[in-house]
């Protein structure tokens, strides 16, 4: 799992490598970006946010974006644009990145270990060759919002629980929950499996209305297994930065 409570590595000297900026300040930002991706982070906005904390710059600054775009333009990173529909009438663009083969070689030459990114993990363990970019975007957006609120979060947790294959695991202050991130309606069996395994139903929907629908769907399972329901939604998490992760605790 990943969180925002870590120590940044020492930035190595700028290597003579194709695609690396000649500017020292750009290289410093590029180096940290490469390290974060090698640690598993894949959401571009999250990477920019973490870099901005280290260098005391605005995460939306043009200079920061330029330094990172150079890594993609010069073939050290591969990116894709996923979309979410959580706001009425418009789409939210989610940019995800991973290291290219050349980028992996550079990171390893710097002495850093290359780990699977969350985007790659979703493709390998959830999509399994099936194109599900909207759900992948929703899961990656949720774990980012959880980490902004002080939680550790990881996608597709390793779990041997039969048909129960949750999207996310979150932990904070001794609390831990497996979470389902949903974009539509679900089968009742999913909520029964979750309640049976962890004694609580934890879910994230698209909007407040969708969150309410999912919580209602899960009511039968909650009653049968005598457990609580935790609910949140992406729109509220995006719009209300001071909100807790769980909006409803029933």
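The values are calculated or read from the model by the stated rules, or taken from the named source; none is laboratory data. Computed from a predicted model, the values in this text were never measured in an experiment. When we count neighbours, we look across all protein chains shown, and the Cβ atoms used for this are built from the backbone with ideal geometry, even at glycine.
Within the stretch 4-59, the set of residues being in a helix (DSSP H, G or I), modelled with pLDDT under 90 and surrounded by fewer than 15 Cβ atoms within 10 Å (Cβ to Cβ) comprises 24, 25. Of all residues in the stretch 194-229, which are more than 18 Å from residue 139 (Cα to Cα) and surrounded by 21 or more Cβ atoms within 10 Å (Cβ to Cβ)? Answer for the stretch 194-229, where residues must be more than 18 Å from residue 139 (Cα to Cα) and surrounded by 21 or more Cβ atoms within 10 Å (Cβ to Cβ): 195, 218, 229. Out of 231, 199, one residue alone is in contact with a helix residue (DSSP H, G or I) (Cβ under 8 Å, 6 or more places away or on another chain), on the phi > 0 side of the Ramachandran plot and assigned by TED's automatic domain parsing to the domain that holds residue 177. It is 199.
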